1. In whole Hz, with x marking every Gly and Pro, tabulate ³J(HN,Hα) for region 67-82 from phi via Karplus 6.51 cos²θ - 1.76 cosθ + 1.60, θ = phi - 60°.
2. Among 122-129, 234-241, how do they line up from the highest to the lowest mean number of other beta-carbon atoms within 10 Å?
3. Could you derive backbone 3J(HN,Hα) for region 137-144 from the dihedral phi with the Karplus parameters 6.51, -1.76 and 1.60 (θ = phi - 60°), listing whole Hz in sequence and x where the residue is Gly or Pro?
4. So how do 219-232, 78-91 stack up, highest first, on mean other-Cβ count within 10 Å?
5. With θ set to phi - 60° and the Karplus curve 6.51 cos²θ - 1.76 cosθ + 1.60, what are the ³J(HN,Hα) couplings of region 188-197 in order, to the nearest whole Hz, using x for Gly and Pro?
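Any read-out appearing in this document is the output of simple, stated calculations on the displayed coordinates, not a laboratory observation. In this text the structure is predicted, and so the values were computed from the model without any measurement. All Cβ positions, glycine included, derive from the backbone under ideal geometry; neighbour counts span all protein chains shown.
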Amino acid sequence: MTDDNGNGTADSDAETARKAIPAGIGLAVLAGFLFVTSDSVVKMATHDLPVPVVVWGRFAAHMLLMLLLFPGRRFVTLFKVKQPVKVISRGVLLLICTSLFFTAIGHIGLAEANAIMFVSPFFVVALSIPLLKEQVGIRRWSAVIIGFVGILIILRPGFQEVHWAYLLILGVAFFYGLFTILTRTLSFTETATSMWFYTALVGFVGSSPVAWYFWETPTAEQWAMLLAIGCIGGGSHYVVIQAYRRAAASLLAPFQYVQIVWATIYGYLLFGHFPDGWTLGGAAVIIASGLYVWLRERSLGKTRRSTSWRGGGPK
């Protein structure tokens, strides 16, 4: 089949898709920047506000953003999903990850938190065996083991006191691995927009009772920070969706590691903290192992459609 100019429509579609790739990469890098920006505001907000209030503010602002983007009947259609139990479970997992992550970054540096979060793909590899019935070979298992060696380099147990916040980040990485697997599964039956909405809905409903118990009325400046956290964190997920519309997940995956750059810059400029050589070395080991897993998945043709971005932490 050809178009009116005699050109093959398939070639035209391929050319259009190829031209969209740079925009997709740019949007993916932008999403990482927005995620870390949200992290930085969270770190400032948790200095004076209880973490449950900050978590609630993040999801409340996200819900407000959804109401503005999808007014009237369009908002009602977001409730329609084919697998409500799994969609809600996915939202609960993100709420758990957000609560743990917000708690942790109030006590440790942004770069360290983001570096440890990069082990989440390794949990995905391990969990894909019982949950997705996948076969994982020795080479990918070796990359997983090396990735955890990178974690040991950062934490250096036995050589320094391991702050409990680092353990929370490891918990976040595990639960986000489950979140990613659910996203993989649901991406075949649910729309990205509906899943995006349910993360806001479940997070808002689930965090409200806890926030009420710990409630401290924010100042005008703190309200502004909560609004920024929700809009930036929630909006960055929309940027991710647009990135995946322009480029394949397998192509965009390596660009997640740019987040360590943003986290280091923010940590130094805003909090006067620069990661030490051990942290940078451990991060390099984790990133190298993660890239190997990605290359191996791609070579085996097992990369799946996904609307999630494994970036520096849930937002």
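1. Ordered by residue, 3J(HN,Hα) equals 4, 6, 7, 10, x, x, 5, 4, 5, 5, 5, 5, 6, 7, 9, 8 Hz.
2. 234-241, 122-129
3. Using θ = phi - 60°, the values come out as x, 5, 5, 6, 5, 5, 5, 4 Hz.
4. The most tightly packed comes first, giving 219-232, 78-91.
5. 7, 10, 10, 7, 4, 5, 5, 5, 4, 5
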